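Novice: Before I ask anything, let me first share the structure, which is written out below as structure tokens.
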């Protein structure tokens with residue numbers, strides 16, 4: 001199993017997705033495209049792809065000129081019926097790739113927040129086994145409309161499209177289900193100055209929120225990761 005990992009930003013990590021891929025003995029092909037790594041021309045050499053998050057927005061082609069090629073590559077994965085996962089920015093790019101509109105700003109969430117599954121998620125192979133309402137880590141400002149023909153799988157009051165599916169196995173999640181408590185603590189360190197400026201008080205309240213929400217979120221996130229890997 002050969003999985004393409006597209007990293008759009010420094011210090012983003014696979015987290016629990018990486019754990020699930022390691023359990024499946026997957027070989028990872030990591031492309032740090034924001035650092036100049038070249039994307040594959042198509043999906044032919046990979047069984048699946050993961051597109052991670054980042055601080056940029058999904059319409060920032062001028063600063064990140066690889067984005068149009070990434071959109072085309074994501075469409076190719078779907079066209080070949082190969083599993084695809086977009087997390088946060090990755091979900092916004094997946095939505096854009098299939099004709100949705102991206103909204104920049106106006107949908108800010110940070111920390112562990114609740115999401116609710118839709119009725120359509122009950123029979124979904126990736127999200128179907130989760131509780132109807134669960135806590136998961138969020139860090140985003142943007143959102144998007146649902147692509148035509150896509151299936152909305154999870155929602156909340158801030159961003160109606162928290163998770164969706166295109167085709168058989170292309171999933172986008174606005175929430176960071178890969179971010180277990182270990183990864184969140186890492187982000188606390190590497191993004192400390194940014195968090196101090198934009199999320200005042202987070203350093204003081206982090207541990208109590210991690211104790212309250214972390215175990216449930218970690219369990220849900222790993223379940224999602226393992227279920228998505230099974231779609232490969």
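Derivation of every value follows stated rules applied to the coordinates shown; laboratory data play no part. Worth saying up front: this structure is predicted, and the values here are computed from it rather than measured. All Cβ positions, even for glycine, are placed from backbone atoms using ideal geometry, and neighbour counts span all protein chains on display.
Novice: Mind running the shape call on the chain? Use the C-alpha gyration tensor, a ≥ b ≥ c as the square roots of the eigenvalues: rounded below 1.5 for a/c, prolate if a/b tops b/c, oblate otherwise. Show your work: numbers first, answer last.
Specialist: Working: a/c = 1.36, a/b = 1.21, b/c = 1.12.
Rounded, because the longest to shortest axis ratio a/c is under 1.5.
Novice: For segment 77-136, what's the relative contact order in percent, using C-alpha pairs closer than 8 Å and at least 6 residues apart? If you can, show how the numbers build up before the last one.
Specialist: Working: 35 pairs, mean separation 13.5, N = 60.
Relative contact order here is 23 percent.
Novice: State the antiparallel share, in %, of DSSP beta bridges confined to segment 3-105, rounding to the nearest 5. Intermediate results must be reported in sequence, preceding the final value.
Specialist: Working: 0 of 13 bridges.
Of all bridge pairs located within segment 3-105, approximately 0 percent are antiparallel.
Novice: Let me check against my output: what whole-number percent is the relative contact order of the chain, with C-alpha pairs under 8 Å and at least 6 apart? List each step's numbers first, then the result.
Specialist: Numbers: 466 pairs, mean separation 49.6, N = 232.
Relative contact order, the chain: 21 percent.
Novice: Would you please classify the overall shape of segment 1-128 from the alpha carbon gyration tensor, given that a ≥ b ≥ c denote the square roots of the eigenvalues, rounded means a/c under 1.5, and beyond that prolate means a/b larger than b/c while oblate covers the rest? Spell out each step's value before the answer.
Specialist: Details: a/c = 1.36, a/b = 1.05, b/c = 1.30.
Judged from the Cα gyration tensor, segment 1-128 comes out rounded (a/c under 1.5).
Novice: I need the shape label for segment 1-57. Rule: rounded when a/c is under 1.5, else prolate if a/b > b/c, else oblate, with a, b, c from the alpha carbon gyration tensor. Intermediate values should be presented prior to the final figure.
Specialist: Working: a/c = 2.39, a/b = 1.21, b/c = 1.98.
Verdict is oblate for segment 1-57.
Novice: Suppose we keep just the DSSP beta bridges with both residues in segment 2-231; what percent of those would be antiparallel, to 5?
Specialist: Numbers: 19 of 37 bridges.
Restricted to segment 2-231, the bridges split so that about 50 percent are antiparallel.
Novice: Using every Cα-Cα pair within segment 94-189, state what percent have a distance larger than 16 Å. Working shown, then result.
Specialist: Values: 2508 of 4560 pairs.
Pairs farther apart than 16 Å: 55 percent.
Novice: Taking the Cβ of each residue in 35, 165 as the centre, tally the other Cβ atoms inside 10 Å and list the residues starting with the fewest.
Specialist: Details: 35 10, 165 22.
By the 10 Å Cβ count, ascending, the order reads 35, 165.
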